[in-house]
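K.L.:
Please find one structure pasted underneath; my questions will follow.
The values are calculated or read from the model by the stated rules, or taken from the named source; none is laboratory data. As the structure is a prediction and not an experimental result, all values here were calculated from the model. Note that each Cβ is placed from the backbone with ideal geometry, even for glycine, and that neighbours are counted across all protein chains shown. Quick note on the areas: whole protein, heavy atoms, side chains included, nothing else; ligands and nucleic acids left out. Shrake-Rupley method; radii C 1.70, N 1.55, O 1.52, S 1.80 Å.
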Amino acid sequence: MNREGLGAPAPVAPLSALPETFTGNRALDLEEGLIFEIGRAEVCGVDLPVPEGRSERLGGLRRAEAPDLPGLSEPEAMRHYVRLSRMNYGIDSGLFPLGSCTMKHNPRLNEKMARLAGFADLHPLQPVSTVQGALELMRQLSRQLLALTGMAAVALPPKAGAHGELTGMMAIKAAHRAHGRNRTVVLVPESAHGTNPATAALIGYEVRALPARPDGTVDVETVRAALSPDVAALMLTNPNTCGLFERDIVEIAAAVHAAGAYFYCDGANFNAILGKVRVADLGVDAMHINLHKTFSTPHGGGGPGAGPVVLSPALAPFAPVPALVEQDGALTLVETEGAPGAEQALGRMSAFHGQMGMFVRALAWMLSHGADGMRQASEDAVLAANYVRASLMDLLSAPFAERPAMHEALFDDSWLAGTGITTLDVAKALIDEGYHPMTVYFPLVVHGAMLIEPTESESKASLDLFIGALRDLAMAAKAGDMARFLGAPHYAPRRRLDETRAARAPMLRWVRPPSQAAE
Ligand SMILES: *Cc1c(COP(=O)(O)O)cnc(C)c1O
């Protein structure tokens, strides 16, 4: 088998002396090769008729040999993918502590609604007269987002938080242009998610970093000192990536506006303030909302993402097309910039109107929770994060701990000083305990950061088990139990990867080893 770059298979029970198995399987923990390794070119799971009476229209591009595709019978194909899925870790298999990610439960009710034929079987090119129900759903979702944020307009098309950032920042650029202002600089605090500076740079702005003050938040005086007639916008995350509410945010917004700039708020952490804070009251001009975070739609591999962006009255005219409008009692989409209803639109951000399936799921979550339920969700999320922090504070070290946390608990690595164990070792050892690791080494402003966001999904019992695992690891680290950490994970199907090599020299193509050359 060709496993170069995949890491060596886990040795059987490295911490004790258990026998090796013939198959490499360990009971229900099944070893599985790549499909190229187990498939055979001569096998096919279906019988396809030989096409007859068709003319060749490939213009000489017909391949000389059959492609070397791995063939499997239907049960083999089924087993292959089921076995792979069992090696995966997801929110349906356990607590997902990734900070700044809001990995919450995806309710099955959402899935049921998204599978209704009237939503699931639509085509984006259908005449709008045949999709009035879907457009009404988009209008209701928009109303909910506007009610929750107090903003003037919402653009649904963006397909990720980062794409929403891009949309909001392009609206800011369009607004400056419309007012004849040529501004070149965007201010971004050092603790920002990497997508913030990347977005600003992508559309041609010079990014200037703002330091945080010792308490982990941005000081209005720092912002004032950095503002100038060149500054187009400030991008600020609230609550920020240290899990703290930016308490001077209203004053900061006022200073930004007084300098003729706009205030972009990164709304990825909206889950902590949902139903508690109307972002319009903070002076925000644009903010993306990750439906796959706050509004429970699937995240990561289960996506796709959806990142609607809400806009202030100053930016609303620049929202992208398609714009949802009501005309003569029916809903319709204005598809071209410049057309009535989209006179100053910045253009188009995606082929169609956005991720319809995610709109259905997000609205299902909103309606099943109601206003009181959404507020309680954010309260429970904040309570869970503070419970995790308080339960670990005596063993781990937490920066900025004078203030309560918002959606996530942040630890640094000073508690590991002198142990020879790193944040990465702790994260890997957590895999052996059956958890996805927390976010590590982010935010960059905290040394050896470990960022834990439990969300409101977890019961107290589930939080206690997770806290217990981390406490046990912390005590083992302090007691010098190096075996538990070095080389961890010990029990995963693959051992620790050389992550730098995997990132810098990824092997994206399987090459048939000479010993297996097809005859
Ligand atoms: C997740 C996140 C983003 C990016 O959102 P995507 O949907 O992953 O593109 C931006 N900022 C912060 C603070 C985030 O947590």
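K.L.:
Look at R501 and say whether it is free of Cβ contacts under 8 Å to residues at least 40 places away in the same chain and exposed (fewer than 12 other Cβ atoms within 10 Å of the Cβ). Walk me through it before giving the result.
P.N.:
Numbers: free of Cβ contacts under 8 Å to residues at least 40 places away in the same chain: no; exposed (fewer than 12 other Cβ atoms within 10 Å of the Cβ): yes.
No: the conditions fail for R501.
K.L.:
So, in segment 83-106, of the ones that are part of a loop (DSSP other than H, G, I, E, B) and open to solvent by 60 Å² or more (accessible area, probe 1.4 Å), which residue ends up modelled with the highest pLDDT?
P.N.:
Here is the first cut: in segment 83-106, the residues part of a loop (DSSP other than H, G, I, E, B) are 88-97, 99-106.
Now restrict to residues that are open to solvent by 60 Å² or more (accessible area, probe 1.4 Å): 88, 92-93, 105.
On the way: N88: 87, D92: 92, S93: 93, H105: 97.
So the residue we want is H105.
K.L.:
Something else about it: I'd like to verify a number: residues in segment 209-244 that are within 18 Å of P443 (Cβ to Cβ) and either under 20 Å from the mean Cα position of the chain (by Cα) or of a type outside the set (S, T, N, Q) (or both), how many?
P.N.:
Taking segment 209-244 as the starting set, the residues that turn out to be within 18 Å of P443 (Cβ to Cβ) are 209-219, 222, 234-244.
From what's left, either under 20 Å from the mean Cα position of the chain (by Cα) or of a type outside the set (S, T, N, Q) (or both): 209-216, 218-219, 234-244.
Selection size over segment 209-244: 21.
K.L.:
Give the residues of segment 124-162 that are assigned to a loop (DSSP other than H, G, I, E, B) and either farther than 23 Å from H292 by Cβ or not assigned by TED's automatic domain parsing to the domain that holds A316 (or both), sorted by residue number. Quick ask: steps written out before the conclusion?
P.N.:
The initial filter retains those residues of segment 124-162 that are assigned to a loop (DSSP other than H, G, I, E, B), namely 124-127, 131, 150-152, 156-160.
If the condition is that a residue be assigned to a loop (DSSP other than H, G, I, E, B) and either farther than 23 Å from H292 by Cβ or not assigned by TED's automatic domain parsing to the domain that holds A316 (or both), then L125, Q126, P127, V131, A152 are the ones that fit.
K.L.:
Residues V223, V256, V218: which one is in contact with a strand residue (DSSP E or B) (Cβ under 6 Å, 6 or more places away or on another chain) and away from the ligand (no atom under 16 Å from the Cβ)? First the steps, then the outcome.
P.N.:
On the way: V223 fails: in contact with a strand residue (DSSP E or B) (Cβ under 6 Å, 6 or more places away or on another chain); V218 fails: away from the ligand (no atom under 16 Å from the Cβ).
None of the others qualify; the one that does is V256.
K.L.:
On to the next question. Taking the residues in segment 198-232 that are part of a helix (DSSP H, G or I) and touching a residue at least 24 places away in the same chain (Cβ under 8 Å) as candidates, determine which candidate is farthest from V250 (Cα to Cα). Break it down stepwise before answering.
P.N.:
Taking segment 198-232 first, the residues part of a helix (DSSP H, G or I) are 198-202, 220-226.
So of that shortlist, the ones also touching a residue at least 24 places away in the same chain (Cβ under 8 Å) come out as 198-200, 202, 220, 223-224, 226.
Details: A198: 25, T199: 24, A200: 22, L202: 28, V220: 9, V223: 12, R224: 13, A226: 17 Å.
It comes out as L202.
K.L.:
Can you tell me how many residues in segment 470-500 are over 26 Å from R86 (Cα atoms) and of a type in the set (D, E, K, R)?
P.N.:
The total comes to 4.
K.L.:
Shifting gears a bit: Mind listing whichever residues of segment 455-484 are open to solvent by 40 Å² or more (accessible area, probe 1.4 Å), of a type in the set (G, A, S) and touching a residue at least 40 places away in the same chain (Cβ under 8 Å)?
P.N.:
S457, G480, A483
K.L.:
In the list A371, A362, A323, A342, which residue meets the criterion of being touching a residue at least 12 places away in the same chain (Cβ under 8 Å), closer than 22 Å to L122 by Cβ and away from the ligand (no atom under 16 Å from the Cβ)? Don't jump to the end; show me each part of the working.
P.N.:
Numbers: A371 fails: closer than 22 Å to L122 by Cβ; A362 fails: away from the ligand (no atom under 16 Å from the Cβ); A342 fails: closer than 22 Å to L122 by Cβ.
Only one candidate passes the filter, namely A323.
K.L.:
Further question on the same structure: Spot the failing condition for M507; the list is (1) open to solvent by less than 40 Å² (accessible area, probe 1.4 Å); (2) touching a residue at least 24 places away in the same chain (Cβ under 8 Å), and only one is missed.
P.N.:
The failed condition is (1).
K.L.:
Do the conditions hold for I421, that is, is it outside the structural domain of F295 (by TED's automatic domain parsing), assigned to a helix (DSSP H, G or I) and touching a residue at least 12 places away in the same chain (Cβ under 8 Å)? Walk me through it before giving the result.
P.N.:
Working: outside the structural domain of F295 (by TED's automatic domain parsing): yes; assigned to a helix (DSSP H, G or I): no; touching a residue at least 12 places away in the same chain (Cβ under 8 Å): yes.
Here the answer is no, as I421 does not meet what is asked.
K.L.:
Could you check segment 234-259 and list, in sequence order, the residues that are part of a loop (DSSP other than H, G, I, E, B), under 15 Å from L187 (Cβ atoms) and open to solvent by 10 Å² or more (accessible area, probe 1.4 Å)?
P.N.:
Kept after step one, since they are part of a loop (DSSP other than H, G, I, E, B), are these residues of segment 234-259: 238-248, 259.
Keeping just the survivors that are under 15 Å from L187 (Cβ atoms) gives 238, 240, 246, 248, 259.
Within segment 234-259, D248, A259 meet the criteria.
K.L.:
Could you list all residues from segment 107-123 that are farther than 17 Å from L331 by Cα and not in a helix (DSSP H, G or I)? Reasoning before the result, please.
P.N.:
Going through segment 107-123, the residues farther than 17 Å from L331 by Cα turn out to be 107-117, 120-121.
P107, R115, L116, D121 - these are the residues of segment 107-123 that are farther than 17 Å from L331 by Cα and not in a helix (DSSP H, G or I).
K.L.:
Pick out the one residue from V231, V284, V207 that is among the β-branched types (V, I, T), away from the ligand (no atom under 14 Å from the Cβ) and surrounded by 24 or more Cβ atoms within 10 Å (Cβ to Cβ). Even if it seems obvious, please write down each step before you answer.
P.N.:
Values: V231 fails: surrounded by 24 or more Cβ atoms within 10 Å (Cβ to Cβ); V207 fails: surrounded by 24 or more Cβ atoms within 10 Å (Cβ to Cβ).
Step by step, each of V231, V284, V207 is checked, and only V284 is among the β-branched types (V, I, T), away from the ligand (no atom under 14 Å from the Cβ) and surrounded by 24 or more Cβ atoms within 10 Å (Cβ to Cβ).
K.L.:
Among the residues of segment 70-92, write down those that are under 23 Å from H369 (Cα atoms) and free of Cβ contacts under 8 Å to residues at least 24 places away in the same chain.
P.N.:
D92
K.L.:
Oh, and also: Considering each residue of segment 310-331, count those that are more than 30 Å from L282 (Cα to Cα) and buried (at least 18 other Cβ atoms within 10 Å of the Cβ), and give that number.
P.N.:
1
K.L.:
Also: What are the residues in segment 290-303 that are more than 10 Å from the ligand (Cβ to nearest atom) and part of a loop (DSSP other than H, G, I, E, B), if any? I'd like the intermediate steps shown before the answer.
P.N.:
So in segment 290-303, the residues more than 10 Å from the ligand (Cβ to nearest atom) come out as 294-298, 301-302.
Across segment 290-303, the qualifying residues are T294, F295, S296, T297, P298.
K.L.:
For segment 152-160, check the following and say yes or no: at least one residue is touching a strand residue (DSSP E or B) at 6+ places or on another chain (Cβ under 7 Å) and either within 23 Å of A225 (Cα to Cα) or within 13 Å of the ligand (Cβ to nearest atom) (or both). Outline the logic, then answer.
P.N.:
Kept after step one, since they are touching a strand residue (DSSP E or B) at 6+ places or on another chain (Cβ under 7 Å), are these residues of segment 152-160: 152-155, 158.
Checking which are either within 23 Å of A225 (Cα to Cα) or within 13 Å of the ligand (Cβ to nearest atom) (or both) leaves us with 158.
Yes: one or more hits.
K.L.:
Same structure, new question: So which residues in segment 47-82 are open to solvent by 80 Å² or more (accessible area, probe 1.4 Å) and of a type in the set (A, V, I, L, M)?
P.N.:
L48, V50, L58, L61, A64, A66, L69, M78
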